[in-house]
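What follows is calculated from the coordinates using simple rules that are stated; it is not laboratory data. Small disclaimer: the values here were computed from a predicted structure and weren't measured. Note that we place each Cβ from the backbone using ideal geometry, even for glycine, and neighbour counts take in every protein chain shown.
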Amino acid sequence: MGLPPQLTPDQRHQALLKAAGSRKRRAEVKAKIKTGEFSIDKILELAKEDEAVAKMRVRELLESLSGVGKVRAQSLMERLNISSSRRIQGLGRLQIGQLREEFMKSEHANSPGTLIVLSGPGGVGKSTVAQKVREASDFWVSVSATTRKPRNNEIEGHDYYFVSDEEFSRMINADEFLEWAEFAGNRYGTPQEQVEHALLLGKNVLLEIEIEGAKQVKAHLPQSILVFLEPPTWEELVARLEGRGTDSPERRAERLELAQEELAAAAFFDVVLINDQVESVVKKLVELTHN
Ligand code: 5GP
């Protein structure tokens, strides 16, 4: 090996700055791996264009993953024939495939998020609860696609993805929904990929959907927890539906009739909560993720 090149003071200064920048970037990335924000897949992707990540040692990457200590990282590297000084950029195709497989498995097994499906009759206050959950917890709340027209204060991408009938049909045919259902003349569906991605990252996920959709989710993902939200009394539910000024009288009557049928579905659900106080419902939903 030849001697290291002689650097001018300026080149040396630049090299030190670059090294410090790379260290900082690696620390940032490791912190995101620890919190679960970055999956191993994301890191392997980043390494293609981010030199600081490409030069991170595989050992450092593995030890940053939640649930992987020094011992597990070392034994894994021995098993996959990865030398202890190997950097991410030096991983072979086969090793990348093996690492991916190993961690997709363990991310599912060790720390998948909990999927809670909040359902109940229309007008019971599901969307208010979902809004509070979004604000007051670290749940990831899914945004559905619907063919319904936006109400006054609704925001595209926050309340719903408002799509045309054609687009909704395309999404069904492309298998993009975890579930979908028709409700009071419109179609509503949960985009599958985002939900699965969030669960894979270990996030707790909340879906706020009607009852038929909730049953479909249970059939696909039996580990999901179906929560039925009940009004404190039937009179309360009628008052809430009547008070919704945005719907036509016909639509309100239709919703009332539907709500009556929907109330009978509680028996199918894993948990029934009475919506007497939004805060206490939110607290109970958070508690369900601790079991
Ligand atoms: P609204 O039109 O009042 O926003 O919602 C009508 C009903 O559709 C509510 O019961 C709501 O929970 C339900 N809903 C919203 N998004 C979805 C979804 O993605 N799938 C299903 N199945 N129902 C949904």
When the helices in the chain are scored as -39500 (n - 2.57) per DSSP H run of 4 or longer and the sum is shared across all residues, what 222 nm value do you end up with, to the nearest 500 deg cm²/dmol?
-15500 deg cm²/dmol
Need one number for the chain: average projected area of the convex hull over its C-alpha atoms, nm².
20.9
Principal-axis tilt of helix 278-288 within the chain, Cα atoms, nearest 10 degrees
50
Within the range 115-288, count lysine pairs with alpha carbon atoms under 23 angstrom apart where the residues are 8 or more positions apart or belong to different chains.
16
Taking the Cβ of each residue in Ile116, Ile155, Ile274 as the centre, tally the other Cβ atoms inside 10 Å and list the residues starting with the fewest.
Ile155, Ile274, Ile116
Zone residues, the range 162-203, relative to Glu257, backbone N less than 13 Å from point 7 Å out along Cα-to-Cβ:
184-185
At R0 = 41 Å, how high is the FRET efficiency between Glu37 and Gln6 if r is their beta carbon distance? Nearest 0.05 is fine.
0.45
Once Lys70 and Glu193 are pulled to full extension, the length gained, defined as 0.36 nm per residue separation minus their Cα-Cα distance, is 41.0 nm
Proxy reagent accessibility, fewest Cβ within 10 Å first, across Tyr160, Tyr188:
Tyr160, Tyr188
Over the range 220-273: Kirkwood hydrodynamic radius from C-alpha pairwise inverse distances, Å
12.6
Run the numbers for Arg57 and Leu221: contour at 0.36 nm per residue of separation, minus the present Cα-Cα distance, in nm.
55.4 nm
Which value, in Å³ per residue, describes the convex hull spanned by the Cα atoms of the range 115-288?
113
Of Thr146, Leu62, Gln223, whose Cα points farthest to the positive end of the dipole of the chain (charges on the beta-carbon: +1 Lys, Arg; -1 Asp, Glu; origin at the Cα centre)?
Leu62
